[in-house]
Structures are given as C-alpha cells and as structure tokens.
1. Give me the aspartates and glutamates in straight-line cross-link reach of LYS299: C-alpha distance below 17 Å, same-chain residues under 8 apart excluded.
2. At a 1.4 Å probe, what is the % contribution of carbon and sulfur to the accessible area of segment 109-236?
3. Amide H to amide H, which residues 5 or more places from SER390 or on other chains are under 5 Å from it, using H placed in the peptide plane?
4. Which FRET efficiency value, to the nearest 0.05, do you get for GLU273 and ASN407 by plugging their Cβ-Cβ distance into 1/(1 + (r/R0)^6) with R0 = 25 Å?
5. Given an 8 Å cut-off on Cα distances and at least 6 residues of separation, report the relative contact order of segment 157-314 as a percent.
6. Where both partners of a DSSP beta bridge lie in the chain, what percent of those bridges are antiparallel, to the nearest 5?
7. What list of whole percents do you get for P(r) of the chain, with Cα-Cα distances grouped in 10 Å bins up to the one holding the largest distance?
8. Restricting to segment 334-410, what percent of DSSP beta bridges are antiparallel, rounded to 5?
Amino acid sequence: MEKMVIEGGKPLYGEIPISGAKNAALPLIAATLLAPGKHILRNVPDLRDTRTILKLLGELGAVWERDGSTLTIDCTDIVYAEVSYDLVKTMRASVLVLGPLIARFGRAKVSLPGGCAIGERPINFHISGFERFGVECRLQQGYVEAVIDGRLRGSSVYFDIPSVTGTENILMAAVLAEGKTVIKNAAREPEVGNLIDMLVGMGAEIEGKGSDSLVVTGVSALKAAEIDIIPDRIETGTYLIAVGAAGGEVLVKNCNPLHLPALLEKLRAAGLEIKTFADSIQALAPVGKKDWLKSVDIKTMPYPGYPTDLQAQFMALMALGSSICVFNETIFENRFMHVAELRRMGAKIRTDGSSAVVTGTGDEGLCGARVMATDLRASSSLVVAGLAASGRTEISRIYHLERGYENLAEKLGRVGARIWKEDE
Ligand code: EPU
C-alpha cells in the first residue's frame, strides 16, 4: 500500500491539464453494451474506476483497446453473464450495466451494492424505474435479477430525488424500449448530457437534454458511436480550491467553466480572483497569510447547485479562514468523514446531523499530520489541507484518490507542490 506525502506551504504556479470526467466515462463505457460494433471513446481517464468497469465489460465478452486516452470497445460478442459482488463492491457504479443489459438481452443479474462510506445509497429508484417498463425485478441472495419477456415497454418514470446514475440507467433502458418514455425530475448533471449525446450518436431519439424532463422515443436497434468524454468538473474544482488553499496563480486547462456555476461563485465570494475562458479557468490567490479569505456558507444540491463531490475540498479551504461558516450536506447522509481527519490537522469543525460549522483557524492555520483517506472526495480534501498546512502530511489509503484523480501527484508537482507517493 502506498501513502501520499505532502510538504505544505508551497504556492502553486503554472498550468494543470484536466482529464476526462470519471462520472461521464463510467456510464458512457456501460452504454457501449447497447450496440454491436466498435465504439470509440476519446478523453477517457485512466483511473481505478474506469479499469474496474472495463474489467466488468471484459467479463461480459467485450473486447477493448486503449491508445492514450482513446478507448475502442467492441461489444459485438457480448454473452449473458452475471455481474458479481466482487466487482460491484469495488465500485457501485457497476450497477450502470443493468439498464443496457436489460435493454439488449431482456435479462440481467447484477449484485446489489451495499452501503458505502458516504451513505446508504440504495438503488430503489433504478429498480422501480425498470419495473415501470414491465421488467420483473427479484432481489435474491444479494443479487438483482431482472427479466422481461420481449421488448421493454416505454413508460413514465418519476424520480423522488434527481438521481444521477438512476437517470442514466433508465435512459439506457428506455432507448431500446417500445414507444415513448418520459423521465420526470431527471438529473441535469453535465455527465447525463454527455450520455445523451452518445446515445443520440448511436441512433437514439431523446429530447430535453439539460432539463429535468426527458422524452425518449424507443428505437429497435442502435449502432456503435464515437464520442468525447467531457472534462472532469470535480477534478477542475478540486484544483481551483487548492489554489485558494496554497496561494499562487494557476491556469486550469481543458475544462468547461460552464459546468461549475456554483463553485466559481463561491470561490469569488471567498476572495479568489477567477477568470474564465472558453476551455480554461485561471485562479489567483495571495500567498502567505489567509487574511484575505472570506468565509462562505455551502449547501450541496443537485446540478446546477453546489456539488456534493466538492463539499469536502471547500471545507478544507474554509478551515483556513478567520470567521465562521456553515456547510449543509443535503445529498448524502454521511459525507463528513473528512471532518475528523481535518481536525487532526488543527481544523475547528463541529458537525450536527447534516450540518457542519467551520470556524476558521486564522493566523494559526493548519498543521501537517498523519491522516487517513476514507472515500474519494474526503481524500482530496486532505490533499487541499496538506498543501496549505505547515510541515508534513501523510495520507494513507490513497487507493481512494486513485479511483478518481488521474496523476494527481504529478499534476500538482508540476505547479510547485511538494507531493509524492511512498510505500506505507
Ligand atoms: N437515491 C435513492 N435511491 C436511489 C438512487 C439515489 O434514495 O435509487 C438517493 C441517494 O441516496 C442520494 C440521492 O438520491 O441521497 C442522489 O444520489 P444519486 O443517485 O444522484 O447518486 P449516484 O448516482 O449514486 C453520482 C455520482 C457520485 C455523486 C452523486 C451526486 C457517479 C458514478 N457517481 O452517484 O459521485 O456524488 O451522483 O452527485 O456518477 C464521486 O465521484 O465521488 C461520487 C460519489
């Protein structure tokens, strides 16, 4: 096992290129199951999670090849198989193959994901959505077994909460269903839009991209597609927040500023200078004392609200301020796992249910410590804290980070951070 070591207090200067979005790559790779032929996906990040979903597709009979960030996936000879607990427990997003498998084979058997570090995370919306299409779903020995005789029948599906992977799974089932499907209160995240573009490229008929109401007119067959994965808005946001914490001037390149409306407002309100260009964002923050940093409240919301996936990182930044602010986490019930670790670095944070009150450490700042990564985004908040802290921070269990950040140490190292991996 490896740990991440950071010697804090170094400002960041230069350019950081952004990789393709993990949470877009996963559903788009799953969508290749819908049609035979060679699909070409560009800008695919090489991450632990993308490797896991490719392994899963390989077990189903797909053949794939990577050339740099371009993936060619051939799903012509897919065989029906069950998706084991071993794969789903490594990565919950494995459930994204349910929709395509049901649509293409009329049946699927996929292990039910258990709870995870950030919350219970049920998939009841996905299952009740499939049932609306006439699919019979049985839960047996930890597996979801879905079966339908003949084609899925288009229907209306309403989400109590706009679920991202729920919307994606239902979309991938609806494109091959007979007749019309209307998805109401659908998730509007850019990753859903990227999937819609891919499905339309495969011959699907979908209206309403970017809105919470999607109308799908089913077709009888789809063809292979060619598509670019959108830039990772959470990776982008993490590096912008890191500039606030470490100070300096960084141009974050190959990103989409339009995908981060809430974060950019919050960074400006906190006192960073943010300039946006067509596909890059420049962040400037004073080096040294944090007396310029203003405390701002954060409430996580579905897109276009403030993303839950950037809550932990912003909290690390706010721990460096001089006054008080409140974080309200409305998406996941247990997404404050980073708090106890940030406290070990000197942060003053109290939690009460879904709220956290952060009192800035002012002139004291944070100090380096040995801390533990608990989930992907909690880990990146420890990196943000470590960059600003005095002394050495050691983050163990960095396999969490490697699930979602491509070459994090290299990218930060190139802009002046002292950060590297070491054996535990
Ligand atoms: N929910 C249900 N039932 C369901 C589905 C969701 O109650 O059947 C609830 C969840 O428990 C949660 C809320 O609905 O309270 C929203 O969850 P959502 O389904 O949108 O989350 P997800 O699709 O499982 C994706 C991302 C997460 C990200 C969330 C929220 C992928 C592969 N994962 O998860 O990403 O936090 O949307 O934006 O797209 C990450 O990258 O670190 C990560 C956790």
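The values are calculated or read from the model by the stated rules, or taken from the named source; none is laboratory data. This is a predicted model, so every value here is computed, not measured. Backbone-built Cβ (ideal geometry, glycine too); neighbour counts: all protein chains shown. These accessible areas exclude ligands, DNA and RNA; they are computed on the full protein's heavy atoms, side chains included. Shrake-Rupley method; radii C 1.70, N 1.55, O 1.52, S 1.80 Å.
1. GLU189, GLU265, ASP309, GLU329, GLU333, ASP352
2. Within segment 109-236, the accessible surface is 47 percent carbon and sulfur.
3. The answer is LEU366, CYS367, GLY368.
4. 0.40
5. Values: 271 pairs, mean separation 30.0, N = 158.
After rounding, I find 19 percent.
6. Numbers: 59 of 80 bridges.
Taking every DSSP beta bridge with both residues in the chain, the antiparallel ones total about 75 percent.
7. Pairs per bin, as whole percents: 5, 23, 31, 24, 13, 4, 0.
8. Values: 5 of 9 bridges.
For segment 334-410, the DSSP antiparallel bridge percentage is about 55.
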